[in-house]
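Shown next, in structure tokens, is the structure this report addresses.
The values are calculated or read from the model by the stated rules, or taken from the named source; none is laboratory data. These numbers were taken from a predicted model, which means no experiment stands behind them. Glycine also receives a Cβ, built like all others from the backbone with ideal geometry; neighbour counts cover every protein chain displayed. Please note that ligands, DNA and RNA were not included when accessible areas were found on the heavy atoms of the full protein model with its side chains. Shrake-Rupley method; radii C 1.70, N 1.55, O 1.52, S 1.80 Å.
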Amino acid sequence: MRYEHQVVIVTGGTRGIGKGITKAFLKEGAHVIATYANNDLKAEEFKASMVDHQDKLELRKFDVSSNEACKTFFESVSATHEQIHILVNNSGVRKDNLIATMTDDDWDQVLNINLKGTFNMTQNAVLHMMKHRYGRIVNISSVGGALGLPGQANYAASKAGQVALSKSVSKEVAKRKITINNVCPGFIETELLEDLDETLVKEYKSQVPMKRFGSVDEVAHAVMFFADKNSSYITGTSLEVAGGL
């Protein structure tokens with residue numbers, strides 16, 4: 001129960017990797033506010049499934065790409081919770097396409113949610129955390145930001161941007177005992193991979209030295225390492241959870 005009495009925000013926290021992170025913090029005693037953008041049914045199904053943690057799980061629906069929506073969200077949370085201890089920037093989308101045929105909308109949507117959303121949430125979190133002289137911010141980036149996979153110019157740019165953002169912000173807030181780090185997953189078993197062709201799955205797994213995809217629990221473990229109070233001298237850095245990819 002190392003996160004008992006701590007308030008944690010997980011954006012995109014009701015599905016996929018975000019859901020795994022939310023569950024991990026709940027099991028460690030935290031009060032978690034899981035945000036989502038669209039799917040009310042999936043969000044409510046997730047909350048209903050967390051039978052043993054109903055009183056410590058809140059759901060909030062808003063668009064992280066809107067700074068005004070993020071500001072309103074933080075004002076609302078601050079009105080009911082004295083302190084926000086941890087922010088996990090997990091909200092993200094992919095709109096894969098080759099650069100020659102990528103549309104402005106595909107580029108803008110990915111950068112707005114993945115990178116601008118991280119900026120919006122981080123800015124508002126920092127303003128709150130500075131008052132309390134404590135905070136942990138963890139971005140869910142991707143090894144794709146460094147590898148630059150074909151068809152993912154927008155996604156790779158957004159994920160590399162998260163790492164660059166954390167480098168700058170870490171230097172700005174270090175004196176206030178706020179850390180900001182990145183977890184960079186590789187191929188992780190989530191619903192996003194369920195529709196992949198079996199041949200493609202084998203091809204992807206063959207590229208991973210461990211010859212398997214990772215689990216959301218393995219990503220959550222890395223997040224909780226950065227979020228721990230004892231990780232106080234680690235900031236502006238990244239940890240790959242990619243099986244050696």
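Brief remarks on what is shown
- Residue in the range 105-118 that is open to solvent by 40 Å² or more (accessible area, probe 1.4 Å), of a type in the set (F, W, Y) and part of a helix (DSSP H, G or I) present: yes
- Restricting M130, M102 to residues that are in a loop (DSSP other than H, G, I, E, B), over 26 Å from R212 (Cα atoms) and either open to solvent by 20 Å² or more (accessible area, probe 1.4 Å) or hydroxyl-bearing (S, T, Y) (or both) narrows the list to M102.
- Qualifying positions in the range 35-86 - touching a strand residue (DSSP E or B) at 6+ places or on another chain (Cβ under 9 Å), closer than 13 Å to A125 by Cα, among the β-branched types (V, I, T) and free of Cβ contacts under 8 Å to residues at least 60 places away in the same chain: V64
- Selection within the range 16-36 - over 14 Å from E58 (Cα atoms) and open to solvent by 10 Å² or more (accessible area, probe 1.4 Å): G16, I17, A24, K27, E28
- Single residue of the range 136-173 satisfying the filter (in contact with a strand residue (DSSP E or B) (Cβ under 9 Å, 6 or more places away or on another chain), in a helix (DSSP H, G or I) and among the small types (G, A, S)) that is farthest from D106 (Cα to Cα): S170
- The set of residues from the range 188-226 being in contact with a Leu (Cβ under 6 Å, 6 or more places away or on another chain) and either over 30 Å from K175 (Cα atoms) or open to solvent by 30 Å² or more (accessible area, probe 1.4 Å) (or both) comprises just one member, V208.
- Long-range neighbours under 9 Å by Cβ, at least six apart or interchain, first residue closer than 13 Å to F119 by Cα within the range 165-176, second open to solvent by less than 60 Å² (accessible area, probe 1.4 Å) and part of a helix (DSSP H, G or I): L165/L115; L165/T118; L165/T122; S166/T118; S166/T122; V169/T122; V169/V126
- Selected residue (criterion: least open to solvent (accessible area, probe 1.4 Å)) from residues of the range 227-245 that are at positive phi and in contact with a Lys or Arg (Cβ under 8 Å, 6 or more places away or on another chain): G236
- Within the range 211-225, residues that are aromatic (F, W, Y) reach partners that are at pLDDT 95 or above with beta carbons closer than 7 Å, at six or more positions or on different chains, in the pairs F225/S231.
- In the range 1-42, the residues that are of a type in the set (G, A, S) and either within 24 Å of L193 (Cβ to Cβ) or at pLDDT below 95 (or both): G12, G13, G16, G18, G20, A24, A34, A37
- Taking the criterion of being more than 21 Å from the chain's Cα centre (by Cα) and aliphatic (A, V, I, L, M), the residues of the range 71-100 that qualify are A79, L98, I99, A100.
- Boolean, K95 is assigned to a loop (DSSP other than H, G, I, E, B), of a type in the set (K, R) and open to solvent by 50 Å² or more (accessible area, probe 1.4 Å): yes
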